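A.B. asks: Encoded as structure tokens, here's the structure I'll be asking about.
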Amino acid sequence: SLAPASSRSKGYKKFMRYTCFGFGVPTVVVLIAISIDVACKDLEDTWVYKPLYGQDVCSVAKNSALYYVTLVNLVLYIINLIFSGLVVKTLCDFKQDTKEAASASSQKSRGRYTLYLKLFVIMGITWIFELIAWFAAGEDVKWYWSVFDVYNILHAVGIFWIFVCKVEIKDQLQEKYNILKQTWGTHEKNAYHLHRRGRDTRSSETKSEQ
């Protein structure tokens, strides 16, 4: 890669922080839930909602999913809203400054805001409706929960689109793998020629009609 070593090092450290957070927080939540399961195993009358891993379904029991799944995701959703609000505030502050002094930082903040907005749409909205449905309909409406299950499974596609389907990622892959450069370059040339041919055809038809 043509990127400086310091830039690659910062990117690697950031990736490791995200990885530790992405795997660490769910691991802590699961360990806490398992600890509650083990500690309260023999307690019948208790105010604690036991997760009951693997007893009813291959996950948390349906009666406990509100506390161990939905509310946890709601907390993440609220944190995402806070971050989005902070970025919006930063953008508003930049508008009051000179464009020359704030252009680079403003562009970076807009990128962050776009990222938070995409995550909000893909991951946040569904949990709001799921939380409302939990209190309004309970577990009786089976088809409703099936729709959410399918949507949640497709989250990975949305996250792949946000973080991977970028022009800079494509350029880096082309730079590293020559076969991709040749393949994508050929497709781009063909698309360009088809577009130009179609434009010339439309132009010729317009002239003939005149």
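The values are calculated or read from the model by the stated rules, or taken from the named source; none is laboratory data. Keep in mind that this is a model prediction, so the values were computed, not measured. Cβ placement follows ideal geometry from the backbone for every residue including glycine, while neighbour counts extend to all protein chains displayed.
A.B. asks: For region 39-64: of the residues being closer than 17 Å to Pro26 by Cβ and modelled with pLDDT of 75 or more, which is nearest to the chain's Cα centre (by Cα)?
C.D. replies: Result: Val60.
A.B. asks: Since Gln172 meets every condition but one in (1) part of a loop (DSSP other than H, G, I, E, B); (2) more than 13 Å from the chain's Cα centre (by Cα); (3) at pLDDT 75 or above, which condition does it not meet?
C.D. replies: (1)
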